[in-house]
Every structure is written in C-alpha cells, then in structure tokens.
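Trainee: The structure that follows is given in the form of structure tokens.
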Amino acid sequence: MLGGWKRLAAAPALVLAACGGGGSQPSGGGTGGGPTPTPSPTPPPSGQFFNFPAAESLSTADVQTVIARAAAQANAMGVPAHIAVVDRVGNVLAVFKMPNARDFVAIPDAPNGQNVDIQGLDVPAAGSAIAKAITGAYLSSGGNAFSTRVASQIVQEHFPPAPTTVGLESGPLFGVQFSQLPCSDLSARASDGMIGPQRSPLGLSADPGGFPLYKNGVVVGGIGIAADPDYTFAPNTLDVDVDTDEMIALAGTVGFEAPIDIRADRISADGTTFRYTDATYNALADVSGASFTGTAGTLIAVNGYTNAAIRPGTAYGTEASGIRQSTATEFALRDAFVLSDGAGTNRYPIRAGTDGADVGTPISAAEAQALLEEAFTIMTRARAQIRKPLDSRAQVTISIVDTRGQILGIVRSPDAPIFGTDVSLQKARTANFFSAPFAAAELQAAQGEVPQFVSRVRTFLNDPNALTGSHAFADRSGGNLSRPYFPDGEVGTPNGPLSRPIEQFNPFSTGLQSALVLQNLAEHLGFVLDTTGTVPDTARGCTTLPSIAGQGPRLGNGIQIFPGSVPVYRGSQLVGGIGVSGDGIDQDDMISFLGLHNAGVRTGTINNAPNDIRADRIVVNVNGRQVRLRYINCPFAPFLDDPSQNVCEGL
C-alpha cells in the first residue's frame, strides 16, 4: 500500500540546543515594566452572547509581505525554505519555494524502529508547510493564539512532555493531529472554491514552525515553514529549541503578530502553561523592510491546494468564507454560526435521521434541533478554559449524527476555533460508532491491520462480545483504550488495545485512529506529488469501513480519541451521537452531556445512555488491580452565571 514511498533507514536526530527565552515582542514593542490588571471580557453588544470577529482578511500585498519577511530570515540563516500562507478557514493563499529548498521532509521512525502507518516516511515539504500554516490558523481565535509548538505539547503521551513528567496523563488533545484529514467528508477542497474549513494534506501538525497571523487583533490565517530536514514534534518542554522552521515562521508574523495577552504562554491547562514559541523576535534578523519584489524563489502549485500564484484570503464570517451567522430559519438561537456553501445555502441544516430502517424511530428534526439548542445554551453559560481574558464564555462547534454517521446539524459560536468543526463531527461519530452493535463487524470488514483491533479489545476487556452494543462509549472512554499506557500515563502498564505499545508509539502512529486512514493518506500524498495528471485523489470519506446504504462509511472523517462526546439514546436504543470541540476537554464533555440531558428533559424522548451500560461500568484488571474506564468529566466552577459544582453528578 505504501510501496511507492521511501522509508528512511534511520530518523535524523533532533538537535536541541539552548537559546533565549520564548515570547517577546519585536524590537520596540515591549510589554512594560510591571504586572497589569487582569482584563475582563469586553461586553458584547446588547442582545448578543458574544462579540463577532471583525471582517478582516489577508490581502495579496499582505501575503507578499509575510512571504518576504520569512524569506529574509531564511536568507539570513542561510537555510532555504518552503513558505505557506493560509487564511483563517484554510484556503492556501500561496506556497513559495526558495532556491534549493528541499522537496521532502522526514517523519521520524518509531522508537523501536518498527515503522507502521506513516512513521519513517519522506513527505512533501510543501504539504508539511501547508499543514503547519493550517494548524496555526485553526487552533487560534480571538481569545487564544496557538502555534504548532502548542500542538506538539498537547498530543504526546505525557503532558507536558518532558523527561521529568513520566507518569502524568497524556496531552489534553491527544489524537487531534488526525483531524482535518484530506479524506474528510466535511472539510472542503480547493475545487469547492474558497469556503472553509478546508482540509490539510497531513492533518494538524505538531512540528514547530507554524503560527497564526493576526490583523488588527483578528486572526486572519497562518504561516507554515518547511526548511529543516525533519517533520517531527518537540519531545521536551523543559529545554529551549533552536528550531530553524520556527525562527523563519516567526519572522513571517512580524507585523501580523498574535496579541500578547492571548498567546498560549498566557494560557494553562491542568496548571501547566503552554509554550507558544522558543524563538524570540529579538533574535530575528531585521526583516521589517523586506520586499517580495526581488525575493529569490518561485510561487509553486500544489495539487489539490493552490496554483502557482498569490490570492487574497476570505474574511471569516462572510458568506464567501463558508462560515457565517445563521438566519432565524436555520437556527433560532442568537449568535449561532453555520457552515455555508458560499452561495447562501446551509451545508448541514437540521434534519431527521436517515436510519429508520435500522433503529425504528430515528432522531427527529425537532429532537436534533433540541439537542443543538440545549448544547448551545450550555456553551453560552460555560466558563472557557482556553480563552483570554479570564471568565470569557466557552466557544465551540456542536455536531449531531445518526447511527449511520450522517450529519443532522452543525452549529458553532462566532469565534470558536476552526479545528473544532471537523473534530466535533469526528467525536459525534466516534461515540456513536463504538456504542453500536455493528462496531466489531464493520471493523473486521475493513482492510489492512484494522480488524485486529477488535480481538485486542476483546482480550483486553476479557469480553468476547465487546463492541457489539452492550456498552455506551463516550470519547473519553474510547480514549482510555487508545493510550499507550493504561491507565493513561502510568509507566509500566500495558498499552490500551486501540493504541500502539509505547515502544512503537509516536504522534504519527497512534493505533486504530491512524490505521483507519493510512490508505487515504497514502492515496492523497501520491496525488499531491503527481506530475502526470493521472493519479486520482483520495475519496471524500475516510477509512475502508463498509459504505452504508450508499451513504459512505460511518466514520467519514476518521475517529477522534480525546473527550467531548456522548452517544444519544432513545430509552435503551442507540440513535446517534453528539460531539463538541473548541475549548477545554472537560467543557466539551459537559456541553455534550448536559446538552443531551436537557434536550431529553425538553422532549421527553431522547436521553443519555442508561447508567448501567455506560463504559464506566467496565473494570479492567491491570497488574492485579481493578481499573475503571471513564465516561465523562465535567469541570470545576463550570458556569459564569451559577456557582453550582458537580453539575453532571447523578444524571
């Protein structure tokens, strides 16, 4: 399946050396001498829950400036690069190749050298630069600015990743790198025009060298760089890297910097502050006068993403961007945004389930509306985890699916990070799939290694009937089984049955999650590199699972393995799933769980999984002790308008 791809004999070693600290402004842009008061959220206009992002976008001249400044830094370092620039919804605005820039970058080998999935491959440098740019844009918002270094920190087996943190749980967004996939049936393609969210050739990136771009304080896109020989991740947050790609990318942000107060190094999770950048503006060459005219290099075409030209970006929130405010007939609650086709039509209007032949009484349009409205209402009350200022409201995307994985509605808040759109759908589909009676049979019918994971789960759980609908799995539950240590992070314990063993694990091979989309990634990368026009792109719809009733596979954009979803039941009958993504994982859990609970109270017809079948009833024997799976976890002090604690207890 990957025979046409070069595997490396050995991954080049990461060179980690000390340099200056992490998040300063460009020269002349200092932050002042003393502490400043913690700002309060700016009140929204009367009648709104949220402030809407201003309609800013990157012009052609802006893109030229970003490229010129990045290239000037690359020239000062004597390292040619691929430079990619995207807008907020992922449209590739340009890819610039400097003279003698390398065409391929190397994904690291498995720790034990036994490569699986995409470990050890050479992949197109242009594709890696695009993935980094998309990551910087998609993980960021008006309340948080995240880089690919942050992405690295949140997807590894311990959080934060460091030699001294062995034994801690995995990163909060463990597995998010396998989202925005090129096979996603939700993500748009360049052939669809400039609506978003667009796909990424390599999913999200954990390799330093990708940053968001801001204009007048509004996130308008991202920059990604591929100059060094590796496409990798940062395994140690305790040192300070001299990272070529990160230095060049940071130079490209000069004049388009993220506001200081929302950068990742001002935001924490589980008491750990994120790392935004190890490069510093003060360490850069003077790139402020760089001009695109005369910059050595060539604008290049990348199959499926861009032609050899520069184009301006779309303004997020406009019809042209594909993500805009809903009309009253599309979604009644104020402040909701929907995905549009660029011509005024909601791509995913609220509708009834398509699976009446399978479940008898599918989710009705009224029930889908209740689910979305009640979850949206919980979001508007929830205290955000990853947004500044403190006490901002959470902002997320919410997706509903039926048992066939068909989308019954998607809504989002105005400034929710873009990555959560695809991820919320992955989560909804994953919770539905693993809770269903068909899960084992469909996995066993897939290609490659995928069928083997069924027997691994059954052996691990000591349950020969596992994955046949006897238990309800939230994404937190399936995520437990998808970690390279079980329980999560505890060294010396076995890997979960849906994960690679730690000796073979890295973020490029997580287990079932990566195995499900291996063929899609291979097909797509072959298409990206094709110069003959004869190699087809991968299909819309991830995995080799069976297609259902002509509608494609149930997991049409892959699975997700970090929390934020629950299956939807009618009594004891599974009828679908709800997924939430865009803020802290406990907030995502709460919004999905309480949203469904409140929709059930409102309709009297749908409900969370009965207590006695939830996955937290499953106990696993691990080295002589009993370990219980988790189902959901709700945050402390969750609401801005209510001091209640333990809001999910007993439901």
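What follows is calculated from the coordinates using simple rules that are stated; it is not laboratory data. Since this is a predicted model, take the numbers as computed values, not measurements. Virtual Cβ from ideal backbone geometry, glycine too; neighbours counted across all protein chains shown.
Trainee: About its Cα centre, how strong a charge dipole does the stretch 182-285 have in debye, to the nearest 20, once Lys and Arg get +1 and Asp and Glu get -1 at the Cβ?
Mentor: The calculated dipole for the stretch 182-285 is roughly 480 debye.
Trainee: Suppose we take every Cα in the stretch 261-309 and form the convex hull; what volume per residue is that in Å³? Write out the running numbers ahead of the final one.
Mentor: On the way: hull volume 8.8 nm³, N = 49.
Enclosed volume per residue, from the Cα hull, is 179 Å³.
Trainee: Moving to a separate point now. Can you list residues whose amide H is under 5 Å from VAL411's amide H, if they're 5+ apart or on another chain and H is modeled 1.01 Å from N?
Mentor: ILE398
Trainee: Arranged by the count of other C-beta atoms within 10 angstrom, fewest first, what order do VAL396, VAL580 take? Write down the numbers at each step before the final one.
Mentor: Details: VAL396 30, VAL580 35.
Taking fewest neighbouring Cβ atoms as first place, the list is VAL396, VAL580.
Trainee: Would you mind ranking MET379, MET194, MET77 by Cβ crowding within 10 Å, fewest neighbours first? Before the final figure, lay out the partial values.
Mentor: Details: MET379 31, MET194 20, MET77 16.
Taking fewest neighbouring Cβ atoms as first place, the list is MET77, MET194, MET379.
Trainee: Follow-up. For VAL423, VAL89, what ranking results if the residue with the fewest other Cβ atoms within 10 Å of its Cβ goes first? Let's see the in-between values first.
Mentor: Working: VAL423 35, VAL89 27.
Fewest-to-most ranking of VAL423, VAL89: VAL89, VAL423.
Trainee: With a length cut of 18 Å (Cα positions projected on each helix's long axis) and a Kyte-Doolittle mean of at least -0.5, go through the chain and give me the DSSP H helices that pass.
Mentor: Working: long enough: 60-77 (26 Å, 0.42); 125-138 (19 Å, 0.88); 365-381 (24 Å, 0.35); 419-434 (23 Å, -0.09); 585-603 (27 Å, -0.01).
In the chain, the long hydrophobic H runs are 60-77, 125-138, 365-381, 419-434, 585-603.
Trainee: Using 1/(1 + (r/R0)^6) with R0 = 60 angstrom and r between the beta carbons of ALA328 and VAL627, what's the FRET efficiency to the nearest 0.05? It would help to have the intermediate numbers written out before the result.
Mentor: Details: r = 49 Å, r/R0 = 0.82.
After rounding to 0.05, the efficiency reads 0.75.
Trainee: Could you state, as a whole-number percent, how many of the C-alpha pairs of the stretch 588-643 are farther apart than 18 Å?
Mentor: Details: 787 of 1540 pairs.
Here the long-distance tail beyond 18 Å is 51 percent of all Cα pairs in the stretch 588-643.
Trainee: Moving on to the next point. How much net charge surrounds ALA315 when only other residues with a Cβ under 13 Å from its Cβ are counted (Lys, Arg +1; Asp, Glu -1)? Kindly include the intermediate steps, with their values, before the conclusion.
Mentor: Working: positive: ARG88, LYS215, ARG324; negative: GLU56, ASP62, ASP87, GLU319.
Spelling it out: positives minus negatives among the neighbours equals -1.
Trainee: Then there's this: Once the other residues with Cβ under 10 Å from the Cβ of GLY552 are scored (Lys, Arg +1; Asp, Glu -1), what is the net sum?
Mentor: On the way: positive: ARG404, ARG540, ARG554; negative: ASP185.
Net local charge, GLY552 excluded: +2.
Trainee: Quick one: Karplus J couplings for the stretch 325-340, per residue in order, coefficients 6.51, -1.76, 1.60, θ = phi - 60°, nearest Hz, x for Gly and Pro?
Mentor: 5, 6, 8, 5, 7, 7, 7, 6, 6, 5, 6, 6, 10, 10, 8, 10
Trainee: Also, quick follow-up: For a paramagnetic label modelled at 7 Å from the Cα of SER572 toward its Cβ, which residues of the stretch 593-622 fall within the zone defined by backbone nitrogen distances under 15 Å?
Mentor: 609-614
Trainee: Charges at C-beta only: +1 for Lys and Arg, -1 for Asp and Glu. How large is the resulting dipole of the chain about its Cα centre, in Debye rounded to 20?
Mentor: Details: 42 positive and 57 negative charges, 118 e Å.
Around 560 debye, computed over the chain.
Trainee: Specify the inter-centroid distance of the stretch 154-190 and the stretch 447-470, based on alpha-carbon positions, in whole Å.
Mentor: Between the Cα centres of the stretch 154-190 and the stretch 447-470 lies a distance of 23 Å.
Trainee: Between ALA308 and ASN112, what length comes free when the chain is fully extended (0.36 nm per residue of separation minus the Cα-Cα distance, one decimal in nm)? Intermediate results must be reported in sequence, preceding the final value.
Mentor: On the way: separation 196, 0.36 × 196 = 70.56 nm, distance 4.04 nm.
Gain on stretching ALA308 to ASN112: 66.5 nm.
Trainee: Still on this model: Enumerate the amide H contacts of VAL105 below 5 Å, restricted to partners 5 or more residues apart or on another chain; note that Pro and chain-start residues carry no placed amide H.
Mentor: VAL123, ALA125
Trainee: Follow-up. Out of the stretch 466-537, which GluC sites (Glu not before Pro) are coil in DSSP terms and have no more than 12 other C-beta atoms within 10 Å? Walk me through the numbers on the way to the answer.
Mentor: On the way: sites: GLU490, GLU503, GLU523; in loops: GLU490, GLU503.
Listed in order of number, the matching sites are GLU503.
Trainee: At q = 0.12 Å⁻¹, what base-10 log of I(q)/I(0) does the Debye formula yield for the chain when every alpha carbon is treated as an equal point scatterer in vacuo?
Mentor: -1.25
Trainee: Right, something else. Quick check on the chain: helices-only [θ] at 222 nm, where DSSP H runs of length 4 and up contribute -39,500 (n - 2.57) each and the sum goes over total residues. Nearest 500, please.
Mentor: Numbers: 13 runs with 142 residues, N = 651.
Helix-only estimate at 222 nm: -6500 deg cm²/dmol.
Trainee: Related question: Residue farthest toward the positive end of the dipole of the stretch 76-192, with Cβ of Lys/Arg at +1 and Asp/Glu at -1: which of ILE154, GLY175, PHE96?
Mentor: After comparing all options, I get PHE96.
Trainee: When DSSP assigns beta bridges and you keep just the ones with both residues in the chain, what percent turn out antiparallel, to the nearest 5? Display every interim value, and only then the final one.
Mentor: Working: 57 of 63 bridges.
Just about 90 percent of them are antiparallel.
Trainee: ALA445 versus ALA54, label points 7 Å from Cα toward the beta carbon: distance in nm?
Mentor: The modelled label-to-label distance comes out at 5.4 nm.
Trainee: How far is it, in nm, from the label point at LEU651 to the one at ALA283 when both lie 7 Å from their Cα along the line to the Cβ?
Mentor: Between LEU651 and ALA283, the label points sit 4.6 nm apart.
Trainee: Shifting gears a bit: What aspartates and glutamates could a cross-link reach from LYS97, if we take a straight Cα to Cα line under 16 Å and drop same-chain neighbours fewer than 8 places away?
Mentor: Filter leaves ASP228, ASP245.
Trainee: Moving on. Give me a comma-separated list of calculated 3J(HN,Hα) values for the stretch 156-162, in order, Karplus coefficients 6.51, -1.76, 1.60 applied at θ = phi - 60°, integers in Hz, x for any Gly or Pro.
Mentor: Working through the residues one at a time gives 9, 6, 10, 10, x, x, 5 Hz.
Trainee: Let me ask something else. Which of rounded, prolate or oblate describes the stretch 60-307 when judged by the alpha-carbon gyration tensor and an a/c cut-off of 1.5?
Mentor: On the way: a/c = 1.36, a/b = 1.24, b/c = 1.10.
Rounded.
Trainee: Show the residues, 5+ positions off or on another chain, whose built amide H is closer than 5 Å to the amide H of LEU58.
Mentor: Amide H to amide H, under 5 Å and 5 or more residues apart or across chains, LEU58 pairs with GLY313.
Trainee: Among ALA440, VAL302, TYR214, flag the residue with its Cα farthest along the positive direction of the charge dipole of the chain, charges on Cβ as +1 for Lys/Arg and -1 for Asp/Glu.
Mentor: The Cα lying farthest towards the positive end belongs to ALA440.
Trainee: Let me ask something additional. Contour minus end-to-end for THR459 and THR42, with contour as 0.36 nm per residue of separation and end-to-end as the Cα-Cα distance? Intermediate values should be presented prior to the final figure.
Mentor: Working: separation 417, 0.36 × 417 = 150.12 nm, distance 5.33 nm.
Once the chain is fully extended between THR459 and THR42, it gains 144.8 nm.
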